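Participant: Take a look at this one; I'll ask things after.
A short reminder: the numbers here are calculations on the coordinates, not readings from a lab. Small disclaimer: the values here were computed from a predicted structure and weren't measured. Ideal geometry is used to build each Cβ from the backbone, glycine not excepted, and the neighbour counts take in all protein chains shown.
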Amino acid sequence: MSGLLWLLLSAVLFICDQFAKVWALRDLAPIGSIPVAGFLKFTYVENRGAAFGIFQGQTALLASVTMAILCGAVWLLFSGKVKLPLEKACISLIIAGGAGNLYDRLTRGFVVDFIDINALFSYPMFNLADCFVVVGACLLMLGVFLEESGQKGKQPPVSAAPSVEGESPDPEKQPPEEK
């Protein structure tokens, strides 16, 4: 699958994120909160910072960092350095989420958050774009970890003596020793 198709996936996810945020702005903002099920509710929040409320009011900084990450992610999709479809899908998720929140910052001055989970503890509110970034990043790290741990068991055997050009380090392919 070419880089353009992976970007198309990012675009579709970006649109889903924006539809959800428009719903939150239009229907949820006037009422504040809607219980969904048990520990889950939808609560409208305008986040002017980053994750967990850090960097409040630092829109230019957050937008610049996000743009740099997005440029790097798009480059990875087209560079040929990323080969596995799962890794490309993860990068597409990261692009979709980063672009969704960047769009909010640049057009609204804040990110619309609305997913509110209160199970055993109060978790910071988030949105679909945040989900895309977190899932993409976690799966990408897991894939890299599994790939690296799989390669450790597949290292070629080490030759006891350095090979001479033209000789094979495989003992079965060595000529018999002369006496």
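Participant: Let me check I've understood the local charge: for Asn127, count other residues with C-beta under 13 angstrom from its C-beta, Lys and Arg +1, Asp and Glu -1. What total comes out?
Facilitator: In short, -3.
Participant: Let me ask something additional. Pairs of Cα atoms under 8 Å, at least six residues apart: use those to get the relative contact order of segment 76-146, whole percent.
Facilitator: Relative contact order of segment 76-146: 40 percent.
Participant: Here is a further query. On alpha-carbon atoms, Rg over Rh for segment 1-56 using Kirkwood Rh?
Facilitator: 1.12
Participant: Okay, next question. Within a Cβ distance under 14 Å of Gly3, other residues only, what is the Lys/Arg minus Asp/Glu net charge?
Facilitator: +2
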